[in-house]
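The values are calculated or read from the model by the stated rules, or taken from the named source; none is laboratory data. The model shown is predicted, which means the values in this text are computed figures rather than measured ones. Because the Cβ atoms are built from the backbone with ideal geometry, glycine has one as well, and the counts that use them run over all protein chains shown. Side chains included, ligands, DNA and RNA excluded: accessible areas come from the protein's heavy atoms. Shrake-Rupley method; radii C 1.70, N 1.55, O 1.52, S 1.80 Å.
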Amino acid sequence: MLYRTRKITAALGVLGLAGCRAFDPALLAPTSDPLPVQLPPLVAEVRLPHFSVSRDSQAVATDVRTLFGREVREVLADSSGAPRGFAVLTARRVRYGTGPVYSYISGLAFGGLALLGLPMARYRCAVDVQLDVRNQRRELIGTYYAQGQAKATAGPYSHANYAQPERVLYVQCVRQGLAQIMTQLQPEIPHLREELAP
């Protein structure tokens, strides 16, 4: 009996040590190094149409605005001088949800299989990212598209066991999309600079 009690206590201790990870502020750092030739100063704007991500929606909106603001100031555009246009980010969630398989199996076993390493849930997220570059008159001079996708499994031993999975995955998707867009933008910098000239 004493051996069984120790075993249960040890298992609970391991579960406590392998708890949920907090949101990592490093996710809000710019996605790449500054472009070799940057655009003139731009005002960063974020649009999140039909935005609804459970209880974390306000935090996600703030995260995306912080990330994009830093991306524009530190990677895309020169930060000194008067703004000569606008960089408008639209991040539209395409898919977010948990797969039913792991939850169903875990529920059938009353969570016991999780102690053996079976994930309790799998989260998937996909976000369409669009960057519009507009001049001072708000005329569109360039549009760039990408899609970011992220997934994570939740379980006592998972390295991606986040306390706020919706928030983390949404920001990971936006980061992925921005990294792809920065690659698309580089060959068009001369044209955009000319259009943004005073």
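Can you give the local net charge around GLY81? Use residues other than it whose beta-carbon is closer than 15 angstrom to its beta-carbon, Lys and Arg +1, Asp and Glu -1. Don't skip to the answer; put the middle values down first.
Numbers: positive: ARG73, ARG84, ARG193; negative: ASP78.
Local charge sum for GLY81: +2.
Quickly rank 64-77, 24-37, 167-180 as a protection proxy: mean count of other C-beta atoms within 10 Å, highest first.
Averaged packing, sorted descending, gives the order 167-180, 64-77, 24-37.
What full-extension length gain, to one decimal in nm, is calculated for GLU139 and THR62 as 0.36 nm per residue of separation minus the Cα-Cα distance?
Numbers: separation 77, 0.36 × 77 = 27.72 nm, distance 2.65 nm.
Here the segment from GLU139 to THR62 would lengthen by 25.1 nm.
Might you work out the accessible area of ILE189 for me, using a 1.4 Å probe with all protein chains in place, and round it to the nearest 10 Å²?
Probe radius 1.4 Å; accessible area of ILE189 about 10 Å².
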